[in-house]
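Read-outs: derived from the displayed coordinates by stated rules, not from any lab. What you see is a predicted model, and the numbers here were worked out from it, not measured in a lab. When we count neighbours, we look across all protein chains shown, and the Cβ atoms used for this are built from the backbone with ideal geometry, even at glycine.
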Amino acid sequence: MEQSLLWVTVVQIFLVIAYQGIDGASDRVESILDYIPTEERGRTAYHFQPPKNWMNDPNGPMYYKGIYHLFYQYNPYAAVWGEGILSWGHSISYNLVDWIHLEDALDPTDPYDIRGCWSGSATILPGGDPAIMYTGVESTNRQVQNIAVPKNLSDPFLLEWAKLDQNPLMTPVDAIGSEFFRDPTTAWLGKDKRWRVVIGSEINGHGTALLYQSEDFVHWAKSHKPLHFSNKTDMWECPDFYPVSTNDTKGIDTSGLGRTTKHVLKASFFGHDHYIIGTYDSETDDFFPDTDFMDSNVKLRYDYGIYYASKTFFDGAKRRRILWGWVKEADDQSDDISKGWSGLQSFPRTILLDKSGKQLSQWPIEEIEGLRKDEVNLQNKEIEGGNIFEVTGITASQADIEVSFHLPNLDDAELTHPEWLDPQLLCSEKNASTGGVIGPFGLLILASENLTEYTAVFFQVFKGHDKYAVLMCSDQSRSSLREEVDISTFGAFVDVDPAEKISLRSLIDHSIIESFGGEGKTCITSRVYPTLAIGQESHLYVFNYGTESIRIANLSAWSMRRAQFFQSSTKEEKPKLIEE
Ligand code: DQQ
């Protein structure tokens with residue numbers, strides 16, 4: 001199909017979807033565009049993924065003229081990261097659930113990005129025009145920062161992007177290593193009308209958030225001091241810096257300041273997305289964390305499972321801040337090559353400062369509820385120690401479940417030990433099959449009928465000096481009969497009072513389980529590859545392997561519809577740009 005005709009078709013389809021709803025549109029488009037199959041083993045039904053090939057970090061999410069845009073690190077040629085000569089994949093949506101995959105927005109075509117268009121962010125400039133700032137990798141592997149802008153601002157799909165003639169706009173200077181200078185944040189505007197942006201770096205082995213300033217968004221100067229650094233971490237990848245409200249459940253624009261805001265600094269290091277909360281002085285550009293990275297027993301992370309290189313954006317339409325994160329595969333690279341794809345994005349989550357002010361809380365965006373069907377409910381059900389029961393009436397391999405537990409007999413909880421500092425280790429030792437007193441209790445997910453395979457997401461409660469400790473675990477040790485998959489156990493403490501209810505929500509989608517403990521205070525995402533517990537053969541159970549009874553206060557579960565994904569690209573036909 002000729003390119004222009006193809007885009008006319010995409011535009012028509014998108015308008016039909018936007019104005020008539022997906023159900024009305026789907027019949028009409030299937031004959032024109034390839035419907036992307038979701039039946040392949042492990043392929044998900046409502047998590048974002050491109051039709052094929054490798055995807056890693058989410059890039060430049062934004063809302064523009066009524067449409068959500070998601071860009072992502074993408075290898076158009078293979079299901080592996082390879083040498084990192086990546087493009088920016090590009091998809092659009094009007095509801096953050098159903099997506100149209102477009103042509104890549106950026107390809108590695110210029111000297112300043114010839115070895116890869118790496119991660120970056122979008123900024124909406126005054127007047128509403130978007131700009132992308134991204135890292136380019138030069139032929140020498142030096143990392144530099146570049147800007148691209150839409151070729152046609154009246155096109156809400158932002159199909160084509162033009163790289164600025166002035167690129168590269170920032171190059172590594174002073175003590176910055178040429179391979180430690182990447183991943184610009186969304187920029188924010190100070191009261192002095194100067195733009196600020198943070199770049200991830202490592203200086204003398206210390207993770208650093210370099211600060212740059214600009215009056216015109218094109219000419220950038222490095223500030224004399226970084227926004228923040230830590231001598232307890234290595235390189236900071238994909239930093240994020242944004243305000244959160246201390247007294248409101250709305251999100252705040254990245255340039256938003258005020259007395260009722262705190263700031264969050266997120267950095268990706270040691271394989272995880274860590275964050276700290278603090279106060280930002282916009283006049284001096286000082287950031288004062290309440291507790292610094294790695295400084296307390298509670299090392300705050302967005303997610304204690306598989307989750308990396310995340311990015312937030314402010315959704316002006318619904319005044320909320322939304323978080324996307326890359327959830328990589330836990331299988332072998334050879335499996336990815338044979339299945340032809342690798343990598344998911346987490347389901348988008350709203351992110352807020354928790355009422356305690358000490359941590360964030362996350363929750364799947366409300367649009368997910370449009371996918372729910374076959375609702376199952378139950379209340380006030382006791383589960384005696386050593387028992388399990390099945391949640392029936394839903395498609396257990398493609399589901400959303402919310403359950404809250406009441407623990408009537410806390411007095412006999414096991415005592416905590418001072419050396420129990422590492423919750424992940426504790427979860428491995430006290431796993432789902434090791435009985436306790438108050439727990440383990442929770443869900444057996446993607447379970448085969450005879451429980452040969454299952455993933456256990458559960459809590460255990462212990463008694464400390466002055467308060468209880470609630471441990472949340474995701475145990476993958478029995479998740480698959482396949483041998484070559486990573487079955488590490490994940491765990492974290494949840495800052496809730498078990499004398500009140502303890503809640504758990506899990507989004508289940510074939511090979512991903514995203515779990516939210518304590519109403520989103522602690523999140524754990526896992527990737528699992530069941531061989532028996534697939535499709536209709538998959539089951540969902542509630543279990544209690546502690547000796548004390550527990551009570552389900554409330555349980556609601558739903559089957560989930562598939563999200564709609566449409567493909568309009570000619571990616572396969574694109575010539576390879578660099579010979580490997
Ligand atoms: N992924 C990108 C980099 C970033 C890393 C390259 C984090 O820009 O630092 O694909 O996963």
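Observations on the model:
- Cα-based equivalent ellipsoid of the stretch 54-364: semi-axis lengths in Å, sorted from largest, via gyration tensor: 26, 22, 22
- Rounded to the nearest 5, the antiparallel percentage of DSSP beta bridges internal to the chain is 95%.
- All C-alpha to C-alpha distances of the stretch 152-206, sorted into 5 Å bins beginning at zero, yield P(r) values of 4, 13, 15, 18, 20, 16, 7, 4, 2, 0 percent in whole numbers.
- Extension gain, ASP486-ASN141: 0.36 nm per intervening residue step, less the Cα-Cα distance, totals 121.1 nm.
- Tail weight of P(r) past 17 Å, computed on alpha-carbon pairs of the stretch 307-410, percent: 72
- Kirkwood estimate for the stretch 328-383, i.e. one over the average of 1/r between Cα atoms, Å: 15.7
- Scattering curve values for the chain, log₁₀ I(q)/I(0), Debye with Cα scatterers, q = 0.09 Å⁻¹: -0.68
- Note on the stretch 54-364: with charges restricted to the Cβ of Lys and Arg (+1) and Asp and Glu (-1), its dipole about the Cα centre is near 1080 debye.
- Diagonalising the gyration tensor over the Cα atoms of the stretch 49-180 and scaling each eigenvalue by 5 before taking the square root yields semi-axes of 24, 19, 11 Å, largest first.
- Protection proxy ranking, highest mean first, for peptides 216-229, 317-330: 317-330, 216-229, where packing is the per-residue count of other beta-carbon atoms within 10 Å, averaged.
- Rounded to whole Å, the principal axis extents of the Cα atoms in the stretch 223-369 read 53, 41, 31, largest first.
- Rg/Rh for the stretch 95-167, where both radii come from Cα atoms and Rh is the Kirkwood radius: 1.00
- When peptides 498-505, 194-201 are ranked by their average number of other Cβ atoms within 10 Å per residue, the highest-first order is 194-201, 498-505.
- Total charge dipole magnitude, the stretch 309-379, about the Cα centre, Cβ charges on Lys, Arg, Asp, Glu only, Debye to nearest 20: 600
- Distance between the pseudo-spin-label points of ARG319 and GLU215 (7 Å out from Cα toward the beta carbon): 3.5 nm.
- Along the axis of the charge dipole computed for the chain (Cβ charges of +1 for Lys and Arg, -1 for Asp and Glu, origin at the Cα centre), the listed residues TRP88, GLY278, SER255 are led at the positive end by SER255.
- Environment charge of ALA162, counting only residues whose C-beta is closer than 13 Å and scoring Lys/Arg +1, Asp/Glu -1: -4
- Area projected by the alpha carbon convex hull of the stretch 373-560, averaged over all directions, nm²: 9.4
- Positive-end residue of ILE306, LEU352, ALA317, charge dipole of the stretch 292-385 with Cβ unit charges: ALA317
- Listed pairs LYS299/LYS430; LYS266/LYS358; LYS193/LYS222; LYS222/LYS328 exceeding 23 Å between Cα atoms: LYS222/LYS328
- Mean separation of Cα pairs under 8 Å and 6 or more residues apart, divided by the residue count, gives the chain a relative contact order of 14 percent.
- Environment charge of GLU329, counting only residues whose C-beta is closer than 10 Å and scoring Lys/Arg +1, Asp/Glu -1: -2
- Mean separation of Cα contacts under 8 Å, 6 or more apart, over the residue count of the stretch 373-560: relative contact order %: 41
- Cys residues of the chain counted as unpaired, since no other Cys beta-carbon is under 4.7 Å: CYS117, CYS238, CYS523
- For peptides 83-93, 160-170, 137-147, sequence by mean Cβ density within 10 Å, most packed first: 83-93, 137-147, 160-170
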